[in-house]
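Novice: Let me begin by handing over the structure; questions about it come next.
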Amino acid sequence: MEQGKSDFLVVLTGAGVSAESKVPTFRSNGGLWQNHRFEDLATPSAFARDPKLVWDFYRWRQDGVKNAKPNRAHEILVEIEAAHKDNFLLVTQNVDNLHEQAGSKNLLHLHGEIMKGRCLSCGATWGPIDYHNIDVPCPNCQTSKAWRPHIVWFGETPFFMEEIQAALKRATLFMAIGTSGVVYPAAQFVHVAKGFGAKTILVNLDAADNIGVFDQVHRGNASECLEKIWSDAKGNLFQN
């Protein structure tokens, strides 16, 4: 850790956290949805080529989120944030709103939010919105039928990268929870944080692709592992 660096925690969450709330993962069914590769559904070119197919896919994804409720992992992260106050940032790869439902505040959605839409005319975002009703006009510019899911598609730049990079450089502790270490740039975050002196912790059911970079690894369900980590920390992860 850099001399004089104040404690700061960055947490990255992935599909393994939402999976405990029965949210279908992006790569469910072996990476296929109705015999279509996800890469052919989640791109700007796919939306231009066959918008009906893309909307059908995202209706399915949104329907899988609508009735989901936060699980214990979400709740513990709210407790951790409350204990560490402004020395905390939660970055999620998940597009659901379960962190918000649980009460997370210092939160950035790297890959967008499935309950929101984004206007193709003026760029405004709004929500919550129902993908079963795509005829609604943009509330900002009133353009009709000219919006898309507020999701980062393949080939697009994830959101909040400047803010995240700045936080990773500040971090003295970095935790990745329920993420495979496959999808970039999120898989690179541990390298950035560790390069600036942070202690690194992985919580995942399976061995992540970048597991060798982490100082500490906890294998298992996110909620069970976090319960133990948080209990052992006795209210202060920086002392653990």
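FYI, it's all coordinate maths here, none of it is from the lab. If you're wondering where the values come from, they're calculated on a predicted model, not measured in any experiment. As a convention, Cβ positions derive from the backbone with ideal geometry for all residues, glycine included, and neighbour counts pool all protein chains shown.
Novice: Please work out the C-alpha center-to-center distance from the range 145-176 to the range 40-119 and express it in whole Å.
Specialist: Distance between centres, Cα-based: 12 Å.
Novice: Okay, next question. Could you tell me the calculated FRET efficiency between Asp50 and Met161, based on Cβ-Cβ distance and R0 = 25 angstrom, to the nearest 0.05?
Specialist: Working: r = 29 Å, r/R0 = 1.17.
The formula returns an efficiency of 0.30 here.
Novice: Cysteines without a disulfide-compatible partner in the chain, using Cβ under 4.7 Å as the rule?
Specialist: Lone cysteines by the Cβ rule: Cys225.
Novice: Please find, in a Gaussian network model of the chain (springs between Cα atoms separated by less than 10 Å), the residue of Ser21, Ser45, Ser223 whose mean-square fluctuation is greatest.
Specialist: Evaluated over the chain, the most mobile residue of the options is Ser45.
Novice: Within straight cross-link reach of Lys22, meaning Cα distance under 16 Å, which lysines are found once same-chain residues fewer than 8 apart are removed?
Specialist: Lys66, Lys69
Novice: While we're here: Bin width 10 Å, origin at 0, all Cα-Cα pairs of the chain: what percent of pairs per bin?
Specialist: Answer for the chain: a P(r) of 7, 31, 35, 19, 7, 1 percent.
Novice: Using Cα springs under 10 Å in a Gaussian network model of the chain, which residue among Thr43, Thr13, Thr143 shows the largest mean-square fluctuation?
Specialist: Per the Cα network of the chain with a 10 Å cutoff, Thr143 tops the list.
Novice: In a GNM of the chain with a 10 Å cut-off on Cα contacts, which of Val136, Val192, Val152 has the highest mean-square fluctuation?
Specialist: Comparing Val136, Val192, Val152 in the GNM, the peak value goes to Val136.
Novice: Can you give the FRET efficiency for Asp86 and Ser231, using 1/(1 + (r/R0)^6), R0 = 25 Å, r = Cβ-Cβ distance, to the nearest 0.05?
Specialist: Between Asp86 and Ser231 the formula returns 0.60.
Novice: How high is the FRET efficiency between Thr43 and Ser6 when r is their beta carbon distance and R₀ equals 35 Å, given to the nearest 0.05?
Specialist: 0.30
Novice: Where does the range 99-240 land on Rg/Rh, using Cα atoms and the Kirkwood Rh?
Specialist: Dividing the radius of gyration by the Kirkwood radius yields 1.06.
Novice: Add -39500 (n - 2.57) for each DSSP H run of 4 or more in the chain, then divide by its residues: what number comes out at 222 nm, to the nearest 500 deg cm²/dmol?
Specialist: Values: 9 runs with 78 residues, N = 240.
About -9000 deg cm²/dmol.
Novice: Counting DSSP beta bridges with both partners in the chain, what percentage is antiparallel, nearest 5?
Specialist: Antiparallel: roughly 30 percent of the beta bridges in the chain.
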